[in-house]
Every structure is written in structure tokens, then in C-alpha cells.
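One structure is given below, encoded as C-alpha cells.
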Amino acid sequence: YIQKESGEGVFSMAGKLSVEELLAAIKITPLLISNNTDPVHIAAAFKTPVLVLYALTNPQHTPWAVDHEILAFDVPVEKRSKNTIIKYAYQQSFHNPPVKVLPEEIVEGAERLLLKAAVNFREEVLNY
């Protein structure tokens with residue numbers, strides 16, 4: 001859906017790159033859309049904005065010193081962390097956790113982050 005609604009030039013690279021190629025792609029992309037896995041943390045290290053589809057399994061691990069949006073969704077109890085501290089953080093943070101993320105939310109979040117990146121780039125150029 002995201003690929004179709006976003007138009008030409010949007011595609012999935014899932015499973016198609018070596019680690020080195022993945023690092024290079026993340027470094028140059030204007031925005032990474034991913035679930036909360038290693039590529040999100042790599043993007044943060046490169047200061048690449050991230051739109052994170054965030055399963056509420058480990059709620060304390062959220063971004064990161066980079067422009068980002070988190071689209072959280074709940075997971076079944078059996079998939080959540082068994083750690084007492086993490087369970088407490090979950091209970092304190094998510095009284096009404098979202099059930100799912102809608103495709104439209106992903107597109108809208110990506111548009112917001114890309115617009116912010118464009119504005120930031122323009123300001124950097126004008127202040128150069």
C-alpha cells in the first residue's frame with residue numbers, strides 16, 4: 001500500500017542488500033521507514049531521519065538524537081518483554097496502546113519528516 005500510494009520511485013529493499021550496501025544506503029537516504037530494528041539505530045548514528053513502526057515490546061528503546069516519528073502498535077502479551085522493569089515501564093507508558101498503524105499514518109509521517117528535512121536543508125544552505 002505505501003509503495004502504491006507513494007508513487008514512482010518508492011520501493012522495498014528488504015533482504016536485497018549486503019551489510020555494507022545497507023550502511024551506504026542508510027547514510028544517503030533522506031528518510032528511513034522501518035520497524036524498530038538495527039537499521040533504525042544505524043540511521044540515527046548517521047543522522048538520517050527515521051519513521052519507526054514500533055511494536056510495544058520494549059517501550060524504553062525509542063529514538064535517538066535524530067529527527068523521527070514513532071508509530072507505535074501493541075503486540076500480544078506473550079510477545080512482550082518478561083523483564084519486570086520493562087513490564088513496569090510498559091504499564092506506566094501505555095494506558096491505551098494503539099492497536100495497529102494505518103498505511104495513511106505512515107505516508108503522512110513520511111511527508112512530515114521529509115518536509116522538515118527540506119526546511120532544515122534550506123536553512124543550512126542559506127546560513128552557509
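The values are calculated or read from the model by the stated rules, or taken from the named source; none is laboratory data. Quantities reported herein were computed from a predicted structural model and do not represent experimental measurements. Virtual Cβ from ideal backbone geometry, glycine too; neighbours counted across all protein chains shown. Remember, those area values only see protein heavy atoms, side chains included, never the ligands or the DNA or RNA. Shrake-Rupley method; radii C 1.70, N 1.55, O 1.52, S 1.80 Å.
Assorted remarks:
- Number of residues in the stretch 40-54 that are part of a helix (DSSP H, G or I) and either open to solvent by 10 Å² or more (accessible area, probe 1.4 Å) or basic (Lys, Arg) (or both): the value is 4.
- Listed conditions (1) in contact with a strand residue (DSSP E or B) (Cβ under 6 Å, 6 or more places away or on another chain); (2) at pLDDT below 75; (3) not in a loop (DSSP other than H, G, I, E, B) are all met by Gln3, apart from (1).
- Qualifying residue in the stretch 96-104 (condition: touching a Pro at 6+ places or on another chain (Cβ under 8 Å), part of a loop (DSSP other than H, G, I, E, B) and modelled with pLDDT under 80): no
- Subset of the stretch 25-39 [in a helix (DSSP H, G or I), closer than 20 Å to Leu114 by Cβ and either touching a Cys at 6+ places or on another chain (Cβ under 8 Å) or of a type outside the set (Val, Ile, Thr) (or both)]: Ala25, Lys27, Pro39
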